[in-house]
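Reading through the structure tokens given below for one structure.
The values are calculated or read from the model by the stated rules, or taken from the named source; none is laboratory data. Note that the structure is predicted; figures quoted are calculated from it, not measured. Don't worry about glycine lacking a Cβ; one is built from the backbone with ideal geometry, like all the others, and counts go over all protein chains shown.
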Protein chains: 2
Amino acid sequence: MICVQKYGGSSLASPDLIKRVARQVISQKKRGKDMVVVVSAMKDTTDELLRLAYQVAKEPPRRETDMLLTVGERISMSLLSMAINSLGFEAISFTGSQCGIITDSRHTNARIKDVRPFRIEEELAKGKIVVVAGFQGVSEEKEVTTLGRGGSDTTAVALAYALRAKECEILTDVDGVFTADPRVVPQARRLPHLSYEEMLELASFGGKVLHPRSVELALKFRIPLAVRSSFSLRQGTLIKEMGKVEKICVRAVACRKGMAVLFLTLPKVKGKGISPIFRSLSDADVNIDLLSKGEGGGIALSLRREYLPSAERVLGELKRQGLLDNYSVLDGLASVSIIGSGIGENPGIATKLFSALEAEGIKVGFCSSSRLSITSLVVEGAAERATRILHRAFELDKAEG
Amino acid sequence: MICVQKYGGSSLASPDLIKRVARQVISQKKRGKDMVVVVSAMKDTTDELLRLAYQVAKEPPRRETDMLLTVGERISMSLLSMAINSLGFEAISFTGSQCGIITDSRHTNARIKDVRPFRIEEELAKGKIVVVAGFQGVSEEKEVTTLGRGGSDTTAVALAYALRAKECEILTDVDGVFTADPRVVPQARRLPHLSYEEMLELASFGGKVLHPRSVELALKFRIPLAVRSSFSLRQGTLIKEMGKVEKICVRAVACRKGMAVLFLTLPKVKGKGISPIFRSLSDADVNIDLLSKGEGGGIALSLRREYLPSAERVLGELKRQGLLDNYSVLDGLASVSIIGSGIGENPGIATKLFSALEAEGIKVGFCSSSRLSITSLVVEGAAERATRILHRAFELDKAEG
């Protein structure tokens, strides 16, 4: 039985922690599992490498950035493999390229196109523990690529699929997925299970435990994901197919700071509507999160603050071309979202959200909902308080009935 | 015209030094040269990585050590490539594997079997500066290997040959090859040129500027090597084919500490002679430097101290098998060698060496000569003094006539 485990950077932050992970992997191996261990870079390594890069170049070429950053996982994979070997179990480490993670050529944010894990299968057949560098792959042009943020989780899920693994565990520094960030809401409760769709929505709206891309992939291939702490033996959260949900209920609150809103007024005459605007923003790699049409026919878009410079460049150009009448920016916002299957289609839940926040004097500027979530924008300074208010209003500290 | 330059770790020790190297490479490129730049790991990186390895494992497997150590050159190659790009010149970096350095499978000490630099040639044809990770290669089993000490010099020479480069420059932190180590002999003089054979002998007997393997390769392929400082514009040392040497003269003094001698007595009856002893030592990877037959029929072998444990294990076993009567060890020695074409065949020079040392009260315990060198063993504490005495006795501070 193949088990894929992924350990994050904080679980591998020092030689002692690496030895600890080695013992954990061996304890699984002793239970007869064929172990494939995906590792991130040791904590802070990636930041240190990037700091070096920006010391020698203002805009490091992405291809060279990938060459540099992949070093981080190579260090942790070889050290973990050494640690396992020194405890008397055979281990072998593989880079993304060696274990057949084939990607497209989008350096620093490549997508996995294929997984050809022949070498992993060979070594598992010999009884070895296989340690794999997460976050990295190789393009068909034999260039080293990286998968962007959360890439090691994505590596783990892709390998679990390609190897038909029975288990895929994401080992991290928290006990699983919670009803809210426990640092913000002390009453936050660990969720024993979540559907893929709920986890995807939670990850997209600020839940930090897993990256949306890895959840997307798990959903696509129906790989159950166990998220738990590498520092405790506590049970974590299982993300899996949940079947038909019997009842609509709010399951978690997520919060994202650093948001902004763009208000657009379209030209009254000879306008071509919203689509050329969307296309131009998308071409400039600006991710738009929420969209709503205001009363006066204007349009409001929310986005992360880091996309503002590119977005304003695009909108200025569209205005010059007459495709946009005018735009304004509102910065310093946070999004607060509630997540749960079916809640977006239930107007009673949205009403409860508004009244809970307004009762405490928090103005909701902007709101949007999908089948699985309702998101409101509030001023950034009120983000934590709004999260706590909603956690209480929807009684998320109580076990689900 | 292709020019291969190799920069050592001290020339790349910081982001500022890397930018400095980038400017030097560009200045060559501006002169119309097709530049291939081989880099070592930034100073101290390799030691730091090894320290991590020994913190997780007492005896790190060699394959994993190679995975770990090759990280060092990847960091410096991507940073140098970024620095060159940021100065407006196109550069691309390649790992040993990507630029076709094919080796055997002897991890941590692999030998180059073939060089297939297709990707380098392609990128040079596009006008790019190519930056290559030194010290590393890939085996035919697609395993990452390293070339052992001095490996980056070897990479540079091998690429210069495969690319038919017109120039191969070894850029380091000293001004070239000197008549002796300038830290030991302040009067030491830079040698403007040396023959391959002299350089090889000098490197073997403790000259630290180049590793013997890279010189061997340069000799084999007749690649002229320019050794100079990356920190100054001064002329360095050119290592090349010297034609017939007109006169026999001592050209340099080299010194190696950490030496020991093994004295062996062979059995009088049923002995099989010295050859099974040599074979056993060689099988245990013990390198023997010098050999002399003593008066009583005994044999003396000199070797580096680090080989003593393995050597004693082998000799103990041979003694049990009756192939060896007895052995003893003399530790705490240094070798002091004088180097120059033809000097070993000139008894007058050996006599001069003995009398110069003995006149200053230094006892010469053990001596050996080859065509290109005469080596004597002295107590370790007298090594520096012996070097200075010989440098003076052979008037190496004076320019060659």
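Data overview
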read-out: Hits in the stretch A:344-399 (condition: in a loop (DSSP other than H, G, I, E, B) and among the basic types (Lys, Arg)); value: A:LYS363, A:ARG371, A:LYS398
read-out: Flag if B:SER105 is in contact with a strand residue (DSSP E or B) (Cβ under 7 Å, 6 or more places away or on another chain), more than 8 Å from chain A (Cβ to nearest Cβ) and either of a type in the set (S, T, N, Q) or surrounded by 22 or more Cβ atoms within 10 Å (Cβ to Cβ) (or both); value: yes
read-out: So A:ALA393, is it surrounded by 16 or more Cβ atoms within 10 Å (Cβ to Cβ), at pLDDT 90 or above, within 30 Å of A:VAL314 (Cα to Cα) and not polar (S, T, N, Q); value: no
read-out: Matching residues, the stretch B:69-89, being facing chain A (nearest Cβ under 7 Å) and β-branched (Val, Ile, Thr); value: B:VAL71, B:ILE75
read-out: Search result, residues across the stretch B:278-327 that are assigned to a helix (DSSP H, G or I), farther than 22 Å from B:ARG256 by Cα and charged (D, E, K, R); value: B:ARG279, B:ASP283, B:ARG313, B:GLU317, B:LYS319, B:ARG320
read-out: Of residues in the stretch A:109-150 being over 26 Å from A:LYS33 (Cβ atoms), buried (at least 17 other Cβ atoms within 10 Å of the Cβ) and within 14 Å of chain B (Cβ to nearest Cβ), the one farthest from the chain's Cα centre (by Cα); value: A:GLU143
read-out: Some residue of the stretch B:53-68 being at the interface with chain A (Cβ under 9 Å from one of its Cβ atoms), among the β-branched types (Val, Ile, Thr), under 23 Å from the mean Cα position of the chain (by Cα) and buried (at least 18 other Cβ atoms within 10 Å of the Cβ); value: yes
read-out: Candidates B:ILE92, B:ILE2, filtered to the one that is among the aliphatic types (A, V, I, L, M), in contact with an Asp or Glu (Cβ under 9 Å, 6 or more places away or on another chain), within 13 Å of chain A (Cβ to nearest Cβ) and crowded, with 17+ Cβ neighbours inside 10 Å; value: B:ILE92
read-out: Subset of the stretch B:167-187 that is of a type in the set (A, V, I, L, M) and either assigned to a helix (DSSP H, G or I) or in contact with an Asp or Glu (Cβ under 7 Å, 6 or more places away or on another chain) (or both) - its residue that is surrounded by the most Cβ atoms within 10 Å (Cβ to Cβ); value: B:ILE170
read-out: Subset of the stretch B:21-52 (residues that are surrounded by fewer than 17 Cβ atoms within 10 Å (Cβ to Cβ), touching a residue at least 12 places away in the same chain (Cβ under 8 Å) and of a type in the set (D, E, K, R)); value: B:ARG23, B:ASP44
read-out: Residues located in the stretch A:151-166, provided they are surrounded by fewer than 24 Cβ atoms within 10 Å (Cβ to Cβ) and assigned to a helix (DSSP H, G or I); value: A:TYR161, A:ALA162
read-out: Residue in the stretch B:199-215 that is touching a His at 6+ places or on another chain (Cβ under 8 Å) and assigned to a helix (DSSP H, G or I) present; value: yes
